[in-house]
Amino acid sequence: MANYDLLLLPGDGIGPEVMGEVEGVVDWLNGQTQNSFNVETALVGGAAIDADGVPVTDETMDKAMQADAIVLGAVGGPKWDGVAFDIRPEAGLLRLRKDLDLFANLRPAICYPALADASSLKRELVEGLDIMIVRELTGGTYFGEPKEITEQGEGHKRAVDTTVYTTPEIERIVRVACDLARKRGKKVHSAEKRNVMHTGVLWNEVADRIFKEEYSDLECHHILADNCAMQLIRNPKQFDVLVTDNLFGDMLSDEAAMMTGSLGMLPSASLGAEEAGTRKSLYEPVHGSAPDITGKGLANPIATIASFGMSLRYSFDMGDAADIVDTAIANVLESGLRTADIMQDGMKQVSTKDMGAAIRAEMGKLAA
Ligand code: NAD
């Protein structure tokens, strides 16, 4: 029996609406399982700017450092378009990722059978799809220095982004991917561009050593990132866990995600280094604050509920409870309930709250 500290950061726009449904799931678990969650809620993004003048306060950062896991809704919206760049809503999220050193971004691409027809690929290619993309999140092209635009004279400019990776950065992300594969389909693909980039050569060399020395029980492959993009469309079910750098991961995870339907369905996790058996972790839906549908009861809460489900699996070692959440989502979709974003002919459209309530009711049946 354990007692966990969970920090909820609903944020802006539809963030508080979808987070309300996560709170319902946490309440349900508190009444059902041996473990219990102490829930604290704090402001982030535009809501924090309005209250405190900054997108995340030091006090909230302290809470984030202490928490066993964080679940975030979404930040941003037109209301804060004019604020200074360094205190814009997204800066709160970036500070959380940076200060907690969340270097591993996990993006599952799961195709629920009930939604297979919503994919842009044929049903037989995506039905039952379950890929985990592991993207390096704190290095590579988005952070390497120099990163600048310089004047060249005569109206010309020169822009530079630098791609940098070190051996320890590659080792730790490859290990995260391999540890996940051990708990899943036991297969890993590492994607890089060793044919044209030095970082690709090093990535390939380090990944290969880790595969051979530490994970000989897994089926490990190297794949060029451009071929990987093609294979994801040609035969996505050949992949189990796919590990790649920050830039390629940004593209490949969006590509894989779109095979599965709506933005409102996509969860994610960002994990830090393991220390004394625990690691810092932030769980959030892939979508933003959706100002166009805020306050209308139209938001799909599944991405955020599934993000909390990932925390049960990866932060709280509550795999059985995570399975209940995932199966409840699949069953509710199978029963024909849909929020507006995933509505199909012959199905029943429900509100954010009704979808959350249906998932909790299904969890109750599964746990009985
Ligand atoms: P968005 O993801 O908020 O919305 C894109 C479209 O998807 C909209 O039509 C929206 O209604 C729909 N959508 C998104 N989530 C949905 C859900 N759960 N249910 C139903 N429909 C959903 O992206 P955007 O419109 O480009 O950005 C809006 C704001 O969100 C901007 O301020 C942007 O900076 C911010 N943003 C934040 C994050 C984050 O917090 N991680 C991510 C992306 C964008």
| field | Count of residues meeting criterion [out of contact with any strand residue (DSSP E or B) (no Cβ under 9 Å at 6 or more places or on another chain) and under 22 Å from SER289 (Cα atoms)] in the range 31-57 | value | 8
| query | Out of all the residues in the range 276-289, is one or more polar (S, T, N, Q) and away from the ligand (no atom under 16 Å from the Cβ)? | reply | yes
| field | Flag if ILE233 is surrounded by fewer than 22 Cβ atoms within 10 Å (Cβ to Cβ), of a type in the set (Val, Ile, Thr), closer than 27 Å to ARG123 by Cβ and without any contact (Cβ under 8 Å) to a residue 60 or more places away in the chain | value | no
| note | Counted residues in the range 164-187 being over 15 Å from ASP217 (Cβ atoms) and touching a Leu at 6+ places or on another chain (Cβ under 9 Å) come to 6
| Selection from the range 9-47 of residues that are hydroxyl-bearing (Ser, Thr, Tyr) and either in contact (Cβ under 8 Å) with a residue 60 or more places away in the chain or in a helix (DSSP H, G or I) (or both) | THR33
| remark: Over the range 258-273, the set of residues in contact with a Lys or Arg (Cβ under 9 Å, 6 or more places away or on another chain), more than 10 Å from the ligand (Cβ to nearest atom) and not hydroxyl-bearing (Ser, Thr, Tyr) is PRO267, ALA269, LEU271, GLY272, ALA273
| request: Within the range 327-343, work out how many residues are within 11 Å of the ligand (Cβ to nearest atom), open to solvent by 10 Å² or more (accessible area, probe 1.4 Å) and assigned to a loop (DSSP other than H, G, I, E, B). | output: 1
| Just checking, how many residues over the range 46-86 are more than 14 Å from the ligand (Cβ to nearest atom), among the hydrophobic types (A, V, I, L, M, F, W, C) and surrounded by 14 or more Cβ atoms within 10 Å (Cβ to Cβ)? | 5
| request: Would you kindly identify the strands (runs of 3 or more DSSP E) lying entirely within the range 90-170 that contain at least 3 residues that are open to solvent by 80 Å² or more (accessible area, probe 1.4 Å)? | output: 144-153, 156-162
| Answer from THR304, THR294, THR244, THR278 - the residue that is open to solvent by less than 10 Å² (accessible area, probe 1.4 Å), assigned by TED's automatic domain parsing to the domain that holds ASN35 and hydroxyl-bearing (Ser, Thr, Tyr) | THR304
| message | For GLY346, only one of the following conditions fails: (1) more than 15 Å from the ligand (Cβ to nearest atom); (2) without any contact (Cβ under 8 Å) to a residue 40 or more places away in the chain; (3) part of a helix (DSSP H, G or I). What is its number? | response | (3)
| field | In the range 210-225, the residues that are open to solvent by less than 80 Å² (accessible area, probe 1.4 Å) and out of contact with any Ser or Thr (no Cβ under 6 Å at 6 or more places or on another chain) | value | ILE210, PHE211, GLU214, TYR215, LEU218, CYS220, HIS221, ILE223, LEU224, ALA225
| field | the range 299-321: number of residues that are more than 6 Å from the ligand (Cβ to nearest atom) and part of a loop (DSSP other than H, G, I, E, B) | value | 5
| Has the range 250-257 got any residue that is among the acidic types (Asp, Glu), within 12 Å of the ligand (Cβ to nearest atom) and part of a helix (DSSP H, G or I)? | yes
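The values are calculated or read from the model by the stated rules, or taken from the named source; none is laboratory data. None of these values were measured; they are calculated from a predicted model. Here Cβ is always computed from backbone atoms with ideal geometry, including for glycine, and neighbour counts include all displayed protein chains. Side chains are part of the model used for accessible areas, which takes the heavy atoms of the whole protein and leaves out ligands, DNA and RNA. Shrake-Rupley method; radii C 1.70, N 1.55, O 1.52, S 1.80 Å.
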